[in-house]
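**Q** Got a structure for you, written out below as structure tokens; questions coming shortly.
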Amino acid sequence: MTAFKDELRRVGEQIGEFIQNDPFPETVRPPALGDAVRDYPGRGGKRIRPALVLWACELFGGDREQAVPAAAAVEIYHNWTLVHDDIIDRDELRRGKPSTHVTIRDYAASKLKAAPEQAAFFGESLAILAGDVQQGWAVERLASVADRGVDPALALTLVRAMQTKLNRELISGEARDVEFELLDPSAVSIPDVMSMINGKTGAIMEFALHCGAAIAKGAYEPKSPDFVALSRYAVNLAAAFQLQDDMLGVFGDEKVLGKPICSDFQEAKPTMLYLEAIHRLPAERRPELDKFLRLPHYTESDIAAIRALLTDCGAAGAVRDSIAALSDCAKKSLQPLPDNRWRGMLATLVEQLLIRSV
């Protein structure tokens, strides 16, 4: 386990340094927008997605240094989706600090003397633009693998995959997640939610793995056995990862998590936890849970009551069982791949999902 943590720390430091020293945002204007573009990618975080790029590359005997720009590209790409996601979800915190649109809103109010409504509009507008710039930054970084000896034709293929397959699948998953909030929960099925997760979370994990493997192999072959095995791993890993996020969103520690507890209830999201609960609670008890949807804020007693309901009806236990089953499937998906240190890292990553607190 120490070796895994050391390696993940190494990835974080390597990608963090690469992003920090990247000159791409320097010419972005106005300065507030440039600062916003740098913000999330520079905050650190788990760096799981760049780790997937680098470990998949080394799994197949590739040169890690060739894959570093691609790993940074995937991390930057992930971060633009977070910037937009925080606007959509009205989340004011990201990794324990103000979200991008809140930072810019506060800048507009304090430095530009904007009225509250103007400041809020300015904050969201520039945050959207920051995400757009970050997406361009990610594309440019991915294309730059050609500067490290990767065949330019393969670099172009990876860029096309990012901007077609990944873009459509990830944004479609996010759109379904947003749409679910407008539907009656009874109209949303568990397979619907799992499909949404596969797009919103799984697509970028799959791309990260395929990107690293392609750089190592010198070819992007998504239908080959090795790539299919990586896809299966990504699908199960992403589902376990997202369900654990849902659990932490209710049962986690707000100070550790860096965002408010029960925000999914505030947004009335039909998470797996919620769907399992409404399927298990008798009809006469569903109002006990539904009264906690869309509250302006949640007291400690509200949170305790939600946790008790989810636990007593068996929903929390069912989701934990699903996380364990998905994690087991993810590890089994690795069996056809080369048996080396890097496959071990991918397997350990799955195990870490079961014990993480953020």
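**Q** On the given criteria, is G96 at pLDDT below 95 and either farther than 29 Å from F227 by Cβ or of a type in the set (A, V, I, L, M, F, W, C) (or both)?
**A** Against the criterion (at pLDDT below 95 and either farther than 29 Å from F227 by Cβ or of a type in the set (A, V, I, L, M, F, W, C) (or both)), G96 qualifies.
**Q** Could you grab me the full set of residues in segment 336-358 that are hydroxyl-bearing (S, T, Y) and under 25 Å from E254 (Cβ atoms)? Full working, then the answer.
**A** Within segment 336-358, the first condition is being hydroxyl-bearing (S, T, Y), and the residues that meet it are 348, 357.
Scanning segment 336-358 gives a single hit, S357.
**Q** Here are E300, E351, E267: which of them is modelled with pLDDT under 95, within 30 Å of A213 (Cβ to Cβ) and among the charged types (D, E, K, R)?
**A** Result: E351 is the single residue among E300, E351, E267 that is modelled with pLDDT under 95, within 30 Å of A213 (Cβ to Cβ) and among the charged types (D, E, K, R).
**Q** Residue by residue through segment 203-261, note down the ones that are closer than 16 Å to L166 by Cβ, over 14 Å from the mean Cα position of the chain (by Cα) and not aliphatic (A, V, I, L, M).
**A** Residues satisfying the conditions are H210, C211, G212, Y220, P222, F227, S231.
**Q** When the residues of segment 179-202 are filtered to those that are within 21 Å of Q163 (Cα to Cα) and of a type in the set (G, A, S), which remaining residue is surrounded by the fewest Cβ atoms within 10 Å (Cβ to Cβ)?
**A** Keep residues of segment 179-202 that are within 21 Å of Q163 (Cα to Cα), which gives 195-202.
Checking the rest, the ones that are also of a type in the set (G, A, S) come to 195, 199, 202.
Numbers: S195: 15, G199: 21, G202: 25.
For segment 179-202, the residue satisfying everything is S195.
**Q** Go through (1) loosely packed, with under 15 Cβ neighbours inside 10 Å; (2) in contact with a Phe, Trp or Tyr (Cβ under 7 Å, 6 or more places away or on another chain); (3) over 30 Å from F227 (Cβ atoms) and name the single condition F292 misses.
**A** So the condition that F292 fails would be (1).
**Q** Check whether at least one residue in segment 159-170 is surrounded by 14 or more Cβ atoms within 10 Å (Cβ to Cβ), modelled with pLDDT of 95 or more and over 30 Å from L243 (Cβ atoms), and report yes or no.
**A** Yes, segment 159-170 contains a residue that is surrounded by 14 or more Cβ atoms within 10 Å (Cβ to Cβ), modelled with pLDDT of 95 or more and over 30 Å from L243 (Cβ atoms).
**Q** Within segment 63-84, is there a residue that is outside any helix (DSSP H, G or I) and touching a residue at least 12 places away in the same chain (Cβ under 8 Å)?
**A** We begin by selecting, within segment 63-84, every residue outside any helix (DSSP H, G or I); these are 63.
From the residues that got through so far, the ones that are touching a residue at least 12 places away in the same chain (Cβ under 8 Å) too are 63.
Yes, segment 63-84 has at least one match.
**Q** Continuing with the same structure: Cβ-Cβ below 9 Å, separation at least six or inter-chain, first residue in segment 125-142 and in contact (Cβ under 8 Å) with a residue 24 or more places away in the chain, second exposed (fewer than 15 other Cβ atoms within 10 Å of the Cβ): which pairs?
**A** Between residues of segment 125-142 that are in contact (Cβ under 8 Å) with a residue 24 or more places away in the chain and residues that are exposed (fewer than 15 other Cβ atoms within 10 Å of the Cβ), the close pairs are L126/P30.
**Q** Continuing with this model, one more query. Hey, does segment 297-318 have a residue that's under 21 Å from V235 (Cβ atoms) and surrounded by 14 or more Cβ atoms within 10 Å (Cβ to Cβ)? If you could, list the steps in order and put the result at the bottom.
**A** Step one: filter segment 297-318 for residues under 21 Å from V235 (Cβ atoms), giving 318.
So of that shortlist, the ones also surrounded by 14 or more Cβ atoms within 10 Å (Cβ to Cβ) come out as 318.
Yes, because at least one residue in segment 297-318 is under 21 Å from V235 (Cβ atoms) and surrounded by 14 or more Cβ atoms within 10 Å (Cβ to Cβ).
**Q** State whether one or more residues within segment 316-334 are assigned to a loop (DSSP other than H, G, I, E, B), free of Cβ contacts under 8 Å to residues at least 40 places away in the same chain and of a type outside the set (S, T, Y). Explain how you work it out, then say what you get.
**A** At the first step, the residues of segment 316-334 found to be assigned to a loop (DSSP other than H, G, I, E, B) are 334.
Those left that are additionally free of Cβ contacts under 8 Å to residues at least 40 places away in the same chain: none.
No: segment 316-334 contains no residue that is assigned to a loop (DSSP other than H, G, I, E, B), free of Cβ contacts under 8 Å to residues at least 40 places away in the same chain and of a type outside the set (S, T, Y).
**Q** Sticking with this one: Considering only residues that are part of a helix (DSSP H, G or I) and acidic (D, E), look in segment 1-35 and name the one that is nearest to A127 (Cα to Cα).
**A** So the residue we want is D35.
**Q** Applying the selection to segment 99-119, what residues are buried (at least 18 other Cβ atoms within 10 Å of the Cβ) and of a type outside the set (S, T, N, Q)?
**A** Across segment 99-119, the qualifying residues are H101, V102, I104, R105, Y107, A108, A119.
**Q** Under 7 Å by Cβ, and 6 or more places apart or on different chains, what pairs join a residue from segment 253-271 that is at positive phi and surrounded by 16 or more Cβ atoms within 10 Å (Cβ to Cβ) with one that is among the β-branched types (V, I, T) and assigned to a helix (DSSP H, G or I)?
**A** C262/V250; C262/I303; C262/I306
**Q** State whether the residues of segment 52-68 include one that is within 23 Å of G258 (Cβ to Cβ) and either touching a helix residue (DSSP H, G or I) at 6+ places or on another chain (Cβ under 7 Å) or not basic (K, R) (or both).
**A** yes
**Q** If we scan segment 114-125, do we find a residue that is out of contact with any Pro (no Cβ under 6 Å at 6 or more places or on another chain), farther than 30 Å from R64 by Cα, not aliphatic (A, V, I, L, M) and not in a helix (DSSP H, G or I)? First the steps, then the outcome.
**A** Step one: list which residues in segment 114-125 are out of contact with any Pro (no Cβ under 6 Å at 6 or more places or on another chain), which gives 114-125.
Then keep just the ones that are farther than 30 Å from R64 by Cα; that gives 114-125.
From what is left, the residues that are not aliphatic (A, V, I, L, M) are 116-118, 121-125.
When the remaining residues are screened for being not in a helix (DSSP H, G or I), the result is none.
No, because not a single residue in segment 114-125 is out of contact with any Pro (no Cβ under 6 Å at 6 or more places or on another chain), farther than 30 Å from R64 by Cα, not aliphatic (A, V, I, L, M) and not in a helix (DSSP H, G or I).
**Q** Tally time: how many residues in segment 36-51 are more than 20 Å from T348 (Cβ to Cβ) and assigned to a helix (DSSP H, G or I)?
**A** The total comes to 7.
**Q** Next question, about the same structure. Do we find that T100 is on the phi < 0 side of the Ramachandran plot and in contact with a strand residue (DSSP E or B) (Cβ under 9 Å, 6 or more places away or on another chain) in this structure? Explain how you work it out, then say what you get.
**A** Working: on the phi < 0 side of the Ramachandran plot: yes; in contact with a strand residue (DSSP E or B) (Cβ under 9 Å, 6 or more places away or on another chain): yes.
In short, yes.
**Q** Let me ask something else about it. Among the residues of segment 345-358, write down those that are surrounded by 16 or more Cβ atoms within 10 Å (Cβ to Cβ) and of a type outside the set (S, T, N, Q).
**A** Result: M345, L346, A347, L349, V350, L353.
The values are calculated or read from the model by the stated rules, or taken from the named source; none is laboratory data. Since we're looking at a predicted model, the values are computed, not measured. Glycine gets a Cβ as well: all are built from the backbone with ideal geometry, and neighbour counts include every protein chain shown.
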